[in-house]
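The values are calculated or read from the model by the stated rules, or taken from the named source; none is laboratory data. Model, not experiment: these values are computed from the prediction. Here the Cβ positions follow ideal geometry from the backbone for every residue, glycine too, while neighbour counts run over all protein chains shown. These area figures cover heavy atoms from the full protein model, side chains too; ligands, DNA and RNA do not enter into them. Shrake-Rupley method; radii C 1.70, N 1.55, O 1.52, S 1.80 Å.
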Amino acid sequence: MFAFELQAEAAILRGPHEDLESYLEAVEVLKGIVRYFNSNKNFKSSDSVLTHVNNLLAKSTMKIEEEFKQLMSTYSKAIEPDRLFDCLPKSMRPTKGDQEADGGGRSDHQSKGLETAIYRTPTLIPPRILPLMNDIAQQLVQAGNQQSCYKIYRDSRASALEMSLRKLGVEKLSKDDVQKMQWEALEAKIGNWIHFMRIAVKLLLAGERKICDQIFDGVNFNKGHCFAELTANSVLTLFSFGDAVAKSKRSPEKLFVLLDMYEVMRELQPEIDEIFEGKPCTEMREAASSLTKRLAQTAQETFADFEEAVEKDASKTIVQDGTVHPLTSYVINYVKFLFDYQSTLKLLFLEFDSGTEAESQLAAVTTRIMQALQNNLDGKSKQYKDPALTYLFLMNNVHYMVRSVRRSEAKDILGDDWIQRHRRIVQQNANQYKRVAWAKILQTLSVQGAGSSGDLSSSGVSRAMIKERFKSFNMQFEELHAKQSQWIVPDQELRESLRLAVAEVLLPAYRSFIKRFGNLVENNKNPQKYVRYSPEAVDQLLGQFFEGQQWAEQKR
């Protein structure tokens, strides 16, 4: 027994640094001696031996604590970003062209399926060290030093985690910081944040949970509280940026990044719940859940703002040539982009209204946005002094809406009825344009009131009237050409069909008028003064309508 005691004493005095396993064995020997003497009190020397051994054990505890502190300090270093990137799925690793500060660049919304990709938990502490740390923690707790064990572990790991995130590029930003940022800079930061969230949760926090469970496995120790405390500051920093964006001033372009942020929070929630399981970590789980809800709320409010902004857009930009208005292309692109987020939007609607089918809610919102756009365009069309241009503008814009919907996923949501109804609106506006723009010139070519060749012999009035009619036709057609060759119908098919529709009413009327009354001016000194254009020339000139060209260009 005494030989053992001497060996153990020598090991204790040498300290644990060179041979930790032998040191811990020596501690067990001393504890065995204490147990032995405590159960055999009749030994005369038991008191002095116990005092000596207990002193050695007290010394050993201090040395073990020192060793624990030393090991934690040695192995609690920040992880370099490159090492973290190596643990990511290949599709998410930054390419050589990416700037380091970019944290791997913006996570592209289109590269779906990342959720199922494989993330490898990084090695935060070498596996061979973990069992030793577990033994030391066990010794410290058994010796009644839970508090120092708790503090050493918490402070070392919290510092390593915070440093790793800082090196990655995570920064704490307030609502004011976000508010002051230019949109491009903010968009880049949001892309990085989404990337950082995945790295933080799937790699760093998952890794921290794993080593915490291993080091305190079987140890009578409040590891849940310890883990909650060591991660609190890092989690708060990560979430604070999401909160700041969600609380910052809303604007239409923010909708998509809000949906990206909402998406990543939804994706990470199960892992967050698993990493922060148990009562001590309730606050973390709730913070994540409340951030997800706040992002959803802001996204939905941004959606509603957008609808209202479209309806009330007061931009006085008038497109002089009647082409597609910038608001129309902006709204349509916005709606098309929304359909990249169909599944996310459906989840978003369910956050607030589980009673209604998400599909029908998406359809209702899209329909309302399209209606808001149409209402606004109706208002804008009234700014034109020329009613023909009013109808041409509406025809162009509604046609653009229909064509865009038919070519995108929106057609499945808005449905055939919507498409058919709006095609009819395009046709109605085309007909109204034709009626308003060409009624007067067709009236000039109308046979009624122009007299008949029988009347002409007895009266010169009708001949003069016919001359007037030809002159009036020339003047009106030149005016229409000058004006309407500057107007634009951007869609080639629609442009051709509109020209054809005009030609179908104008050319037969003009041919008929020439056939019937042309002979009355042919014998004149200057017949070209009256029949300035042949029907073929009129047809050719109609081919220059809606091209957006200047009259001066035409004459050259």
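Lysine pairs in segment 301-390 whose alpha-carbon atoms fall under 26 angstrom of each other, counting only those eight or more residues apart or on distinct chains, come to 10. Rolling a 1.4 Å probe over the heavy atoms of the protein chains gives segment 320-417 an accessible area of 43 Å² per residue.
Spin-label model, residue 431 to residue 540: label points 7 Å out along the Cα-to-beta-carbon direction sit 3.4 nm apart.
Probe of 1.4 angstrom, ligands and nucleic acids ignored: what's the accessible area per residue over segment 152-269, in square angstrom? Present the calculation step by step, with values, prior to reporting the outcome.
Numbers: 4250 Å² over 118 residues.
Per residue, segment 152-269 has an accessible area of 36 Å².
Quick check for segment 112-251: number of Lys pairs with alpha-carbon distance under 18 Å, counting only pairs 8 or more apart or on different chains? For segment 112-251, the number of qualifying lysine pairs is 17. Overall, the ratio between the Cα radius of gyration of segment 273-384 and 2.2 N^0.38 Å, rounded to two decimals, is 1.45. For segment 217-295, the direction-averaged projected area of the alpha-carbon convex hull comes to 5.5 nm². Using a simple spin-label model with pseudo-atoms 7 Å out from Cα toward Cβ, residue 73 and residue 423 lie 7.9 nm apart.
Return the Rg/Rh value of segment 363-431, two decimal places, where both radii are evaluated on C-alpha atoms and Rh is the Kirkwood radius. Show your work: numbers first, answer last.
Values: Rg = 12.3 Å, Rh = 12.4 Å.
My calculation puts Rg/Rh at 0.99.
Taking one quarter of the surface of the convex hull spanned by the alpha-carbon atoms of segment 401-444 gives a direction-averaged projected area of 3.3 nm². Dividing the radius of gyration of the alpha carbons in segment 111-256 by their Kirkwood radius gives 1.08 for Rg/Rh. Taking the Cβ-Cβ separation of residue 340 and residue 464 as r and a Förster radius of 51 Å, what is the calculated FRET efficiency to the nearest 0.05? The calculated FRET efficiency here is 0.15.
Each principal axis of the Cα atoms in segment 135-190 has its own extent, and those three values, largest first, are 57, 19, 11 angstrom.
List the trypsin sites (Lys or Arg not before Pro) within segment 307-338 that DSSP assigns to loop and that have no more than 13 neighbouring Cβ atoms inside 10 Å.
Qualifying residues, ordered by number: 316.
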